[in-house]
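Have a look at the structure below, then the notes.
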Amino acid sequence: MKVDGKLTRTIWLEPDTWSVGIIDQTQLPHRYVTTRLTTLDEAAHAIKSMQVRGAPLIGAAAAYGLCLALRNDASDQGLENGYATLLKTRPTAINLKWALDEIAAAVRNQPREARVAAAYRRAAEIAEEDVVINQAIGRNGCALIEKFAARKNGAPVNVLTHCNAGWLAAVDWGTALAPVYTAFEKGVKLHVWVDETRPRNQGAALTAWELGQHGVPHTVIADNTGGHLMQHGLVDMAIVGTDRVTAQGDVCNKIGTYLKALAAKDNDVPFYVGLPSPTIDFSVVDGVAEIPIEERSHDEQATMTGRTSDGRIETVRVVPDGSAVANYGFDVTPARLISGLITERGVIPATRAALAETFPERAGVQPAGS
Ligand code: MRU
């Protein structure tokens, strides 16, 4: 998608053909900064500190991180060490493990001297596949948006989204926002309600920034606003992304998603989830019981970071000293609250049967420990 009118991706190989360029998302929306990753530790730090974040991008970054690890040590030990270091950076987004497994499978049976090239090849494919998948999600979701547009007599379709599942969360296009960008490019009139998404404000900082860069009309709202908007007919549909979808169609996504899905159900607002197939984890069934929910630093909850009127970036405390805080990163929306899953192979019901039928090659994966 575009930054200052220029087509840009979130991750790329630098001209040296081995180091990895990323947008440092911790600096957005106030500064657009790119940085270069040259080692396993730098890649692990970039994922852990959320310079790169969002499930599909975490996967692509982990894939390249393992390439960097192998460059330094292509032995079995080097592979294991790189895999383990990257796997523990973020616990919830399943794309991380999926991508590491893909790289490991691509190199494991290769002689040592061929491993680095094989790893870079597979990492580049993972990045390209992500773009192609998201374009297909865009087309499939756009058809849905067009259906709503047909009923609006020329008024914009109001789409509510939570967190950031736009192109910054992927290699390009995004998942939840791919349908929005596709519809926008086709000239469909639309407007996006952007949940700010405390505590890290990925909505206010990242979704608003990328929609603005692309010229898509949008309005940032406090996280608690969605229910009110839905009661007053101001939301036509919700589309969110996801960090992991279970075999039965439960959706794990940024904290607060579940509450939006409940409000949507109560107000008959269709609630859709955009997802690429690597985000499906067929080894888990009951998302509430089985998905590990990342608990993040208490500082994120107790503070806010922003730009002062004289241009300085400052972090201030918003919670009294001494108050306990908790910071759960994700929640799980049960499949029964979801109107449809927008996948690269079509819009499908959030059910075990539909997921298995649509992705039979993935559904064959045996549950962990079996
Ligand atoms: O903690 P983050 O920023 O990595 O969270 C991920 C997200 O942005 C959302 O949960 C998103 O909706 C899913 S990733 C496409």
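Since every read-out is calculated from the coordinates, none of them should be taken as a lab result. What you are looking at is a predicted structure, and each value in this text was computed from that prediction instead of being measured. Here the Cβ positions follow ideal geometry from the backbone for every residue, glycine too, while neighbour counts run over all protein chains shown.
So for the chain, averaging the separation of alpha carbon pairs under 8 Å that are six or more residues apart and normalising by length, what relative contact order in percent results? Walk me through the numbers on the way to the answer.
Values: 774 pairs, mean separation 57.1, N = 370.
RCO, the chain: 15 percent.
For the chain, modelled as a GNM with alpha-carbon contacts under 10 angstrom, which of Ala356, Ala99, Ala169 fluctuates the most?
For the chain, modelled as a Gaussian network with Cα springs under 10 Å, the answer is Ala356.
If we restrict to alpha carbons, what Rg and Dmax does the chain come to, in Å?
20.0, 63
Which whole-number percent of Cα pairs in the range 2-128 have a distance greater than 24 Å? All intermediate terms of the calculation are to be shown ahead of the outcome.
Values: 1704 of 8001 pairs.
That tail contains 21 percent of the Cα-Cα pairs.
What aspartates and glutamates sit close enough to Lys260 to cross-link, taking a C-alpha to C-alpha distance under 18 Å and skipping anything fewer than 8 places away on the same chain?
Here the aspartates and glutamates satisfying the reach criterion relative to Lys260 are Asp195, Glu196, Asp223, Asp236, Asp243, Asp250, Asp268, Asp331.
Over the range 2-128, calculate the relative contact order: mean separation of alpha carbon pairs under 8 Å at least 6 apart, over the residue count, as a percent. Walk me through the numbers before you get to the answer.
Working: 176 pairs, mean separation 26.0, N = 127.
20 percent.
Tell me the trypsin sites (Lys or Arg not before Pro) within the range 53-134 that lie in a loop according to DSSP and have at most 16 other beta-carbon atoms within 10 Å.
Answer in residue order: Lys88, Arg108.
For Thr308, Thr303, what's the fewest-to-most ordering of other Cβ within 10 Å of each Cβ?
Values: Thr308 9, Thr303 16.
Lowest count first: Thr308, Thr303.
Take each uninterrupted DSSP H stretch in the chain, measure its Cα extent along the helix axis, and return the ones at 24 Å or beyond whose mean Kyte-Doolittle hydropathy is at least -0.5.
Details: long enough: 55-72 (26 Å, 1.18); 112-150 (58 Å, -0.01).
Once both thresholds are applied, what remains is 55-72, 112-150.
Once you treat every alpha carbon in the range 143-363 as an equal point and sum by Debye, what is log10 I(q)/I(0) at q = 0.08, 0.09 Å⁻¹?
Result of the Debye calculation: -0.29, -0.36.
Take the chain, connect every pair of alpha-carbon atoms lying under 10 Å apart with a spring to form a Gaussian network, then pick out the residue of Ala205, Ala114, Ala127 with the largest mean-square fluctuation.
Maximum fluctuation in the GNM of the chain, among the listed residues, is at Ala114.
Could you check which residue among Asp195, Asp76, Asp250 shows the biggest mean-square fluctuation in a GNM of the chain with a 10 Å Cα cutoff?
Of the options given, Asp76 has the highest mean-square fluctuation.
How long are the three semi-axes of the equivalent ellipsoid of the range 116-180, in whole Å, if each is the root of 5 times an eigenvalue of the C-alpha gyration tensor, listed from largest down? Don't jump to the answer; show the numbers that get you there.
Numbers: eigenvalues 202, 28, 6 Å².
Ellipsoid half-lengths, sorted descending, are 32, 12, 6 Å.
Report D for the range 158-212 in µm² per second (integer): Stokes-Einstein, Kirkwood Rh on Cα pairs, 4 °C, 1.567 mPa s.
Working: Rh = 11.0 Å.
It comes out at roughly 118 µm²/s.
Bins of 5 Å, beginning at zero and ending with the bin holding the largest distance: percent of Cα pairs per bin for the range 228-354, please.
Reading the bins upward from 0: 2, 10, 17, 17, 14, 12, 12, 9, 4, 2, 0, 0.
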